[in-house]
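Reviewing the structure listed below.
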Amino acid sequence: RKRWHKGLYRRQKKTKIPNRVSIDQRPALVQDREQFGHWEGDSLVSMKSKAALNSLVERKSRLLRLTGVRQKTANHTARIVIQHLKDLPLSARRTLTLDNGTENTGHELITSKTNIQCYFAQPYHSWERGTNENTNGLIRYYLPKGTDFSTITKQQLQFIENRLNNRPRKCLGFKTPNEVAASCVALHG
């Protein structure tokens, strides 16, 4: 009988996101962080329940929008993202870079409702959305792994969002994300 070595014959999963646009096609000026309105999105999951968190981070200002999601499905995620982005002026919603999770299959709905172009990072290249990954690490300071997200209230999420948005950052010249975002929206709004 022939023995198989573990892990040698695993197949890579194919992405199940229809009509995804690769990050390679994203405009080069997004990388420079000179322009306000380029967002990164991700989901934080809990092993304790089906509830999840959705985080949206603006690249230039590091402004965070944090929301709880009852289930990590495409419909729930798209609805939350649309809710956060539709009220912003057009100059504050230019691009959205997402990972390849199945919760992001509603990207075409997001584009049609908010007029924001969605791009997807390469599979297993989390550093292509580094701002969002770093912010998720800061969120985990308040909500460590093993936390049941279904028990987290909107007030607790708002508290975490306010703390992170009012935290001075060295990369912003010791300004807070709220200060940088307010000046960008005031200038371009």
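The values are calculated or read from the model by the stated rules, or taken from the named source; none is laboratory data. In this text the structure is predicted, and so the values were computed from the model without any measurement. For neighbour counting, all protein chains shown are included, and Cβ atoms are generated from backbone atoms with ideal geometry for every residue, glycine included. With ligands, DNA and RNA removed, areas are computed over all heavy atoms of the protein, side chains included. Shrake-Rupley method; radii C 1.70, N 1.55, O 1.52, S 1.80 Å.
One table, with the values for the structure above:
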| quantity | calculated |
| --- | --- |
| The range 83-92, subset out of contact with any Phe, Trp or Tyr (no Cβ under 7 Å at 6 or more places or on another chain) and surrounded by 16 or more Cβ atoms within 10 Å (Cβ to Cβ), residue farthest from PHE149 (Cα to Cα) | LEU88 |
| Extreme residue, modelled with the lowest pLDDT, among residues of the range 25-43 that are open to solvent by 10 Å² or more (accessible area, probe 1.4 Å) and among the small types (Gly, Ala, Ser) | ALA28 |
| Residues that are within 16 Å of the chain's Cα centre (by Cα), at negative phi and open to solvent by 50 Å² or more (accessible area, probe 1.4 Å), drawn from the range 123-152 | PRO123, HIS125, SER126, TRP127, GLU133, ASN134, ARG140 |
| Some residue of the range 89-103 being touching a Leu at 6+ places or on another chain (Cβ under 8 Å), of a type outside the set (Gly, Ala, Ser) and either free of Cβ contacts under 8 Å to residues at least 40 places away in the same chain or assigned to a helix (DSSP H, G or I) (or both) | no |
| Subset tally (residues that are touching a helix residue (DSSP H, G or I) at 6+ places or on another chain (Cβ under 6 Å), in a helix (DSSP H, G or I) and under 21 Å from LYS16 (Cβ atoms)) for the range 121-139 | 2 |
| Criterion violated by ILE80 - all others in (1) free of Cβ contacts under 8 Å to residues at least 40 places away in the same chain; (2) touching a strand residue (DSSP E or B) at 6+ places or on another chain (Cβ under 9 Å); (3) open to solvent by less than 20 Å² (accessible area, probe 1.4 Å); (4) over 15 Å from LEU44 (Cα atoms) satisfied | (4) |
| Condition check for LYS113: open to solvent by 10 Å² or more (accessible area, probe 1.4 Å) and touching an Asp or Glu at 6+ places or on another chain (Cβ under 6 Å) | no |
| The lone exception for ILE17 - which of (1) part of a loop (DSSP other than H, G, I, E, B); (2) open to solvent by less than 80 Å² (accessible area, probe 1.4 Å); (3) modelled with pLDDT of 90 or more it fails | (3) |
| Hits in the range 153-172 - residues which are open to solvent by less than 80 Å² (accessible area, probe 1.4 Å) and among the basic types (Lys, Arg) | ARG169 |
| Any pair with Cβ under 9 angstrom, 6 or more apart, that starts in the range 123-134 at a residue that is free of Cβ contacts under 8 Å to residues at least 24 places away in the same chain and ends at one that is surrounded by fewer than 13 Cβ atoms within 10 Å (Cβ to Cβ) and outside any helix (DSSP H, G or I) | TYR124/GLN12 |
| Residue satisfying condition, being out of contact with any Asp or Glu (no Cβ under 8 Å at 6 or more places or on another chain), closer than 27 Å to GLY146 by Cβ, touching a residue at least 60 places away in the same chain (Cβ under 8 Å) and aliphatic (A, V, I, L, M), within set LEU66, LEU53 | LEU53 |
